[in-house]
Structures are given as structure tokens and as C-alpha cells.
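*Asks:* Pasting a structure below so you can have a look.
Throughout, read-outs are computed from the coordinates displayed, never taken from laboratory work. Remember, it's a predicted structure, so these values are computed and weren't measured experimentally.
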């Protein structure tokens, strides 16, 4: 299960994601549908521990922080453009 509570993401002093919260149960498939520049990729990068944030992210019962990503050791992701 993935649980995101009050996620805030900043670029410098500018808050680009404000208090995003959602929960995804095991087996569910979801899609993020928003216009370009709305923050879809930013949210995904944050869940993967690639950007700093405030709020809470819990994956399979383990908390993910900007410096602790142990819960993601078996997670793979491809965001935006694939690299060669």
C-alpha cells in the first residue's frame, strides 16, 4: 500500500505541490491526469525519494523520508523520457 499525506514539494522557496494526499491499495491501478506542468512527474519523483518534501509517504508500512528510502529497494520506475 502507498499512502501520501499532506505532501508539500518546494522548488527553492516556491511551493509547487500543496498538501497532496491519497492512498493506493495493493492491486489498484491509478493514473495521474493533469495538464502539463501540474506536478505529476514531481509527485512520482518525490515518492521515489528523488526530491525533498514535507509531509508523510508510507510504502508497505515503511516511512519514506528525504534521506531514507529503504522501502524502495525493490521498486523500479521510468519517469518521463527513457534513458539509453
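*Asks:* How long are the three semi-axes of the equivalent ellipsoid for the chain, computed from the Cα gyration tensor as the root of 5 times each eigenvalue, in whole Å, largest first?
*Replies:* Numbers: eigenvalues 67, 53, 41 Å².
Working from the Cα gyration tensor, I get semi-axes of 18, 16, 14 Å.
*Asks:* Follow-up question, since we're still on this one. Given contacts defined as C-alpha pairs under 8 Å and at least six residues apart, what's the relative contact order of the chain, whole-number percent? Let's see the in-between values first.
*Replies:* On the way: 120 pairs, mean separation 25.6, N = 84.
Relative contact order comes out at 30 percent.
*Asks:* I would also like to ask the following. If each DSSP helix of 4+ residues adds -39,500 (n - 2.57) and the sum is divided by the residues in the chain, what number results at 222 nm, nearest 500 deg cm²/dmol? Provide the component values of the computation, followed by the final result.
*Replies:* Working: 1 runs with 8 residues, N = 84.
My calculation for the chain gives -2500 deg cm²/dmol from helical runs alone.
*Asks:* Counting pairs of alpha carbon atoms under 8 Å apart in space and at least six apart in sequence, what relative contact order in percent does the stretch 1-49 give? Working shown, then result.
*Replies:* Details: 47 pairs, mean separation 14.5, N = 49.
Relative contact order for the stretch 1-49 comes out at 30 percent.
*Asks:* Which residue fluctuates most in the GNM of the chain (Cα springs below 10 Å): 25, 62, 73?
*Replies:* 73
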